[in-house]
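Working notes, beginning with the structure itself.
The values are calculated or read from the model by the stated rules, or taken from the named source; none is laboratory data. Only a predicted model underlies this, so the values are computations on that prediction, with no experimental measurement involved. All Cβ positions, glycine included, derive from the backbone under ideal geometry; neighbour counts span all protein chains shown. Ligands, DNA and RNA are excluded from the accessible area calculation, which covers all protein heavy atoms including side chains. Shrake-Rupley method; radii C 1.70, N 1.55, O 1.52, S 1.80 Å.
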Amino acid sequence: MTDKDYQKLFKKSPQEAQNTLFDEYFNYVYTIVFNKLRSCATKEDIEECVSDVFADIFTYFAKNSGQNESIKGFISTVAIRKSINMFHSLTSKSGRTVSLEEGDADNVRDDTDIANNAERSELRRTLLRLVDELGEPDSTIIIQKYYYGLNSKEIAETVSLEPAAVRVRCSRAIRRLKDKLTELDISLKEAEL
């Protein structure tokens, strides 16, 4: 299904267009979200994230039209970014419970390195922001290659490019990303947390 096909169907019947898109891409979106969140989320969290992905997609296409491209790449990008956000949300919660009963105050201690965790979290946010600033399809290519470990052929299918073009765009995007990190005095190795 292309964006143009979806827009035609949306003009005819918005509900039918959304149902068709949902039926066609549900398994695809669920797989992306599940692969990212399976280590830290409940089934309900995963289903909530999938619902949020489709809500964002439906909202976007209700307001925008005219791209006339395959929407699979766009859908994968939304799914990846939503699942990354939920992953950070779920993993940043402490999960520790502390009893404040009298006499238990001596047992309260924190073994985590708060400053180190905060710095690593800030580096991750900066890196994701810089990857996002690369624009499409470069940000999708970088996320799919280095975050999901997909090869050029697999990425090419989602961004509607040839595998050779994906490799070229990836190397150029990495160079641009290194330059942006250097401007912020961050080495790429340090940013790979």
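Points worth noting:
- On the stretch given as the stretch 147-176, residues that are touching a helix residue (DSSP H, G or I) at 6+ places or on another chain (Cβ under 9 Å), in a loop (DSSP other than H, G, I, E, B) and under 22 Å from L130 (Cβ atoms) total 3.
- Checking each residue in the stretch 38-57 for being of a type outside the set (A, V, I, L, M) and either in a helix (DSSP H, G or I) or in contact with a Cys (Cβ under 9 Å, 6 or more places away or on another chain) (or both) picks out K43, E44, D45, E47, E48, C49, S51, D52, F54, D56.
- Test for S121: is it open to solvent by 50 Å² or more (accessible area, probe 1.4 Å) and either modelled with pLDDT under 80 or in a helix (DSSP H, G or I) (or both): no
- Qualifying residue in the stretch 151-159 (condition: open to solvent by 50 Å² or more (accessible area, probe 1.4 Å), over 26 Å from N85 (Cβ atoms) and modelled with pLDDT of 85 or more): yes
- Residue match in the stretch 54-69 (condition: at pLDDT below 85, surrounded by fewer than 18 Cβ atoms within 10 Å (Cβ to Cβ) and among the aliphatic types (A, V, I, L, M)): yes
- Checked against the criterion of being modelled with pLDDT under 85, part of a loop (DSSP other than H, G, I, E, B) and of a type in the set (K, R), the stretch 129-141 has no qualifying residue.
- Flag for S83 being surrounded by 13 or more Cβ atoms within 10 Å (Cβ to Cβ), among the polar types (S, T, N, Q), at pLDDT 75 or above and more than 30 Å from R172 (Cα to Cα): no
- Filter pass, V131 being closer than 17 Å to S187 by Cβ and touching a residue at least 12 places away in the same chain (Cβ under 8 Å): yes
- One residue from N35, N19 being open to solvent by 50 Å² or more (accessible area, probe 1.4 Å), in a helix (DSSP H, G or I) and closer than 21 Å to I155 by Cα: N35
- Residue that is modelled with the highest pLDDT [pool: residues in the stretch 1-49 that are of a type in the set (A, V, I, L, M) and closer than 19 Å to A62 by Cβ]: V29
- Odd one out for I186 among (1) at pLDDT below 85; (2) under 25 Å from S83 (Cα atoms); (3) open to solvent by less than 60 Å² (accessible area, probe 1.4 Å): (2)
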